[in-house]
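Here's the structure we're looking at; comments come further down.
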Amino acid sequence: MDLIICVWGLLTLVAEGVRCQGVYAPPTVRIIHSGHACNVEEERYTERVYTIREGETLELTCLVTGHPRPQIRWTKTAGSMSDRFQDSSVFNETLHIAKILRTQGGRYYCKAENGLGSPAIKSIRVDVYYLDEPVVTVHQSIGEAKEQFYYERTVFLRCVANSNPPVRYSWHRGREVLTQGSDKGVEIYEPFFTQQGETKILKLKNLRPQDYANYSCIASVRNVCGIPDRSVIFTLTNRTASPSIKLLVEDPIVVNPSQTVSLVCITTGGEPPPVLTWGSSNDSLPQRSVVNGGTLTLPAITSEEAGAYSCVASNNVGNPAKKSTTIVVRALKKGRFWITPDPYHNDDNIQIGREVKISCQVEATPPEELTFSWLKNGRALRSSERMVITQTDPDISPGTTNLDIIDLKFTDFGTYTCVAALKGGGIPEISIDVNISSTTVPPLFFSFLVPPNLTVPRGKSPLVAREGDTVELECLVSGKPKPIILWSRADKEAPMPDGSMQMESYDGVLRIVNVSREMTGSYRCQTSQYNGFNVKPREAVVELIVQYPPTVEPVFMEMRQGLGRPVVMTCRVLRAHPSRVLRFEWLLSNRLLHAGAFDAQRDETEYTVRNLNRDGLGEYTCNVINEAGAGKCTFLVTGKAYPPEFYYDTYNPVWQNKPRTYSFKLQWTQMNPNAVDRIVAYRLGFRQMGLERWWVQEIPVDGPINKGELMSHNLTDLIKPESYEVRLTPITRFGEGNSTIRIVRYSGEFHCSFEDEPICMFTQDKNDDFDWTRHSAATRDTKYTPNTGPSVDRTGSKQGFYMYIETSRPRKEGDQARLVSPFFNVAPKNPYSISNPPAYCFGFFYHMYGKHIGTLNAFLKQKGQTSSEGPVWSLNGNQGDHWKQAKVSIHPTSSFQVVLEGIRGPGIEGDIAIDDVTLEEGECRDPPTNLSSKVLFRSSHIWLLCVTLVMTLLEGQR
């Protein structure tokens, strides 16, 4: 019979031709980037490296092919555990992260699957560049000379800045650049790394009057990604001193919940005057806390706000002064019990004549105030020969009491209650009921060897060259045999010109082609390991000085400004060699505006347009010129408005009650709306993908637009299932601004798997008895009710999330929890005149496992109705420890919501879970039921033959 069916299928294929050829295809994936990347390295192994500056917008697009349309999911590793994508990004082709943070760097994966073959996965690594403001701290030491005639006072200035890539530092005293050897009283140490970042130290030996001055530290990442240098100034005086403070409170402070607590901290010394800050062991202060100078007030304190609070005084001199106190909030929480032997996990039941131990544990704050009492069937129980009560047990966890029942008898069956309380009252007791029933490494040739010797030829150090020249660094080497010379950087941990940390030379010459300014510095030549002599390697140092034109900032800057407003452009010299700058010149589109000699007292030149008009718009260039060439700052002055930024799609789909059309709600915000003239309108253009004609309309704007203000516009009468290219352009009196383009695609399905906190805009019904809980099996604690609830989410992952109802105390039988979807718009003109209401397929996965399972209902709630009719789907009782799918067709006549209601059963083993909620247009299509899995298994070899024959036929028709 199977063979007959197979032959019939083949004949059908031949009759139909090859219309279906190529329809079904497994997914493929390619990742592309958009936006202004600093650098993109091409495919390397299985990834690309995409460099971006912190605060910029990251956009990665996952291009997929395959049919059926693959489902797309973005995931990430090697980043902060707290990272969460925007809700719309996880399952979209484009991953959009606005104002990316350093912690969001890492490897991003796009996974596409459609059920055919293996999922397609591609990755791209994102490297986020940044430079923080440097911080200068001052430390001093005082040493007494042997003659005791004077004191030697030494001061260390430390400069530290976090950065990616590594930072470079320079020290200044006033406008004087400090370098090693430029001042006998100054030493500059090589940078070293600390937990705070790379640190540069300036040492002032035996302080002199001229040492009391303003010191500035400049941190630079060499303008990578357009990141400018950052600087900080510290004023050193003869009164500079580290801070000291006093805390006017007790330690610890024990309070009851809802009390108001005030902590007072005062400064007792320090110059410059210290700044007081408060911190806590919880990383941040409570939201309701109030800080007024040195006073911290915590109104109506809660248990979550308990912990250590610290007052810190800092003036960047010495170490910050810190004083701490601990606030203890009295509380009882997390009561639990266990029985030995455990009838839930052991094979043996509790038996008559055995010893049974009931252990009760709670968390108490403070623990020394904890007391316990025991009840049997509601009556007080005292310790006896057979009923042994142990209040504290050194062999178990703190906060635990035991009740040992020796030689269990029938008369001992009953309900035992453990009651925990705190001395002095004020905190509600915790009661826990427990039921006991009948049913838990060559030889050395010294005579032939001559030790090595290494020298630098006269006049070869320092060596001066122009940027772009070819230079040769030379060291003379002798010895028998003649050793190989290893070259490396002597002044910093930096690679050699070829990218390696060391370069070999057999003649002692290091040749550098196209030398750059970054290659300025000290180079060490060193003998390699010398066979035959266990001697220290010989080494020498060659200084290389590379002359180059001035380095200026900014290299390029776009300046957007409204007409009639002033524009100030500043070109700053960061470094140059020779450092003597000759002159500067300002130009607008090659027309000279202003020129002159550079002021030796300043490191910048400025040009101002006092009243911007249309003739003043264009590209301004500032050339700063020295003997080696010119450095150029470029400013593009424009009145164009910034582009709008499309917001992620709403979770509220708009379906029209027309057979071939749909609507799409565009949402956007305006980037920097106040940077230029007021936006008076938006020009909206859209066209169907594959066609050339654009439909254009203007969207007027009433009044100024605020930063971050969300605007919207409905696109209507879009043809199903076509996609559209949408272009949105802001308009000011200057004219059109920058446009933003996106693709609108039709989707007839809503899907939510509860993987993110907003839970797809589902809400909790305010009129029910309790709430649904979002959780994952990896974090959910099932020690209280181990025989209920799912151990994985619907996809089989312990890390995946789902929603469930927690039926443990204080829930009681019949309590209801309702989860309400967002509104879905049918949008008919007259809902009461619909003769054939539209159909939708509402589906979800459910898990109903436990002996106390209650009821799970699904309701349709239409707009305008005061109450829901009866459930459109309902199920109660234990359905086993696995996920099942439910689907039901609904026919709403107006905007509607779907409601999932969980009802608590008779006991605590009644947790109900739901996952992967979907809503699709059209009636539900049930899977075929005429073939059982057993029959399919038995006939698999026949169907494999069919597939082989089909593929052979298709191949023959190519």
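Quickly run through region 498-509 and pick out the residues that are open to solvent by less than 60 Å² (accessible area, probe 1.4 Å) and more than 14 Å from C475 (Cα to Cα).
G499, S500
In region 290-315, the residues that are on the phi > 0 side of the Ramachandran plot and open to solvent by less than 40 Å² (accessible area, probe 1.4 Å) reach residues that are among the hydroxyl-bearing types (S, T, Y) and assigned to a strand (DSSP E or B) with C-beta atoms within less than 6 angstrom, at least six apart or across chains, in these pairs: G307/S280. Within region 51-73, not a single residue is in a loop (DSSP other than H, G, I, E, B), more than 23 Å from S753 (Cα to Cα) and modelled with pLDDT under 85. Can we say L95 is open to solvent by 50 Å² or more (accessible area, probe 1.4 Å), modelled with pLDDT of 80 or more and among the hydrophobic types (A, V, I, L, M, F, W, C)? Spelling it out, it is not the case that L95 is open to solvent by 50 Å² or more (accessible area, probe 1.4 Å), modelled with pLDDT of 80 or more and among the hydrophobic types (A, V, I, L, M, F, W, C). Reported count of residues in region 612-635, each being open to solvent by 10 Å² or more (accessible area, probe 1.4 Å), over 11 Å from S589 (Cβ atoms) and not in a helix (DSSP H, G or I), is 9.
The set of residues in region 390-412 being at pLDDT 85 or above and charged (D, E, K, R) consists of D404, D407, K409, D412.
Quick check on region 250-258. Is at least one of its residues out of contact with any helix residue (DSSP H, G or I) (no Cβ under 9 Å at 6 or more places or on another chain), buried (at least 19 other Cβ atoms within 10 Å of the Cβ) and either in the same structural domain as R158 (by the TED database) or in a loop (DSSP other than H, G, I, E, B) (or both)? Looking for residues that are out of contact with any helix residue (DSSP H, G or I) (no Cβ under 9 Å at 6 or more places or on another chain), buried (at least 19 other Cβ atoms within 10 Å of the Cβ) and either in the same structural domain as R158 (by the TED database) or in a loop (DSSP other than H, G, I, E, B) (or both), one finds none in region 250-258, hence no. Is it the case that I245 is part of a strand (DSSP E or B), in contact with a Ser or Thr (Cβ under 8 Å, 6 or more places away or on another chain) and surrounded by 17 or more Cβ atoms within 10 Å (Cβ to Cβ)? For I245, the condition - part of a strand (DSSP E or B), in contact with a Ser or Thr (Cβ under 8 Å, 6 or more places away or on another chain) and surrounded by 17 or more Cβ atoms within 10 Å (Cβ to Cβ) - is met.
Which of the residues that make up region 545-590 are open to solvent by less than 70 Å² (accessible area, probe 1.4 Å) and of a type in the set (K, R)? Within region 545-590, R560, R572 meet the criteria. Of V23, V40, V18, all but one fail to be in contact with a His (Cβ under 7 Å, 6 or more places away or on another chain) and modelled with pLDDT under 65; the exception is V23. Pairing residues of region 403-424 that are in the same structural domain as E369 (by the TED database) and surrounded by 13 or more Cβ atoms within 10 Å (Cβ to Cβ) with residues that are hydrophobic (A, V, I, L, M, F, W, C) and outside any strand (DSSP E or B), at Cβ distances under 8 Å and at least 6 apart in sequence or on separate chains, gives L408/I350; L408/I352; A421/I427.
Only strands (runs of 3 or more DSSP E) whose full extent lies in region 455-494 are considered here, and the ones with at least 2 residues that are at pLDDT 85 or above are 463-466, 471-474, 485-489.
Which number in (1) modelled with pLDDT of 80 or more; (2) touching a His at 6+ places or on another chain (Cβ under 7 Å) marks the one condition that P837 misses? Every condition holds for P837 apart from (1). Checking the stated criteria, Q885 turns out not to satisfy the condition of being polar (S, T, N, Q) and assigned to a loop (DSSP other than H, G, I, E, B).
Scanning region 842-854 for residues that are open to solvent by 10 Å² or more (accessible area, probe 1.4 Å) and part of a strand (DSSP E or B) turns up F845, Y846.
For the residues N876, N857, the requirement of being open to solvent by less than 60 Å² (accessible area, probe 1.4 Å) and either over 16 Å from P822 (Cα atoms) or in the same structural domain as Q816 (by the TED database) (or both) singles out N857.
The values are calculated or read from the model by the stated rules, or taken from the named source; none is laboratory data. Remember, predicted model here, so these are calculated numbers, not experimental data. Reconstructed Cβ throughout: ideal geometry from the backbone, glycine too, with neighbour counts over all protein chains shown. The accessibility values were calculated without ligands, DNA or RNA, using every heavy atom of the protein model including side chains. Shrake-Rupley method; radii C 1.70, N 1.55, O 1.52, S 1.80 Å.
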